[in-house]
Amino acid sequence: MLKKIYFALALSLAVASLTIPSVAQSKDSMSGKMSKKSKMDMMNAMSNEDKAAMFDKMSDSDKMSATKMAGHDMTKMPSSERMSMTEKMSAEDKAAAFDKMPMDKRMAMMDKMHKDKDMMMKKDKM
């Protein structure tokens, strides 16, 4: 009888040790975190239109610093002229400005985009 109890206990521990890591991995993948490598791969695979869309989602101060890094200094322009100029920029110019952004800002935008995408998928399932 004691052997049967030990065998059942050992079997349940073996099953638990196999299922816990898979549950933990699925929880990590559901949390919305992307690895740096996957973010870099995603950024490298983005088209100019995708980068331009990301540029359009940036705040005005980030747009100003990105265009300044890309060689278009608009700091001395009035805000209305600056807004109209960024609206008139081509997708290639916007993509180039997005590429000139510091890596940490681009990574943060990729995280935000990934989280928004996950939220949309969850909303669609409901």
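The table below gives the values:
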quantity	calculated
Region 18-44, residues that are of a type outside the set (A, V, I, L, M, F, W, C), modelled with pLDDT of 70 or more and part of a helix (DSSP H, G or I)	36, 37, 38, 39, 41, 44
Scope region 69-97; condition surrounded by 13 or more Cβ atoms within 10 Å (Cβ to Cβ) and part of a helix (DSSP H, G or I); matching residues	69, 82, 83, 85, 86, 91, 93, 94, 95, 96, 97
Total residues in region 55-78, condition under 21 Å from the mean Cα position of the chain (by Cα) and either over 18 Å from residue 110 (Cβ atoms) or in contact (Cβ under 8 Å) with a residue 12 or more places away in the chain (or both)	10
Residue check for residue 54: at pLDDT 75 or above, in a loop (DSSP other than H, G, I, E, B) and surrounded by 15 or more Cβ atoms within 10 Å (Cβ to Cβ)	no
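The values are calculated or read from the model by the stated rules, or taken from the named source; none is laboratory data. Computed from a predicted structure; not experimentally measured. Neighbour counts run over all protein chains shown; Cβ positions are idealised from the backbone, glycine included.
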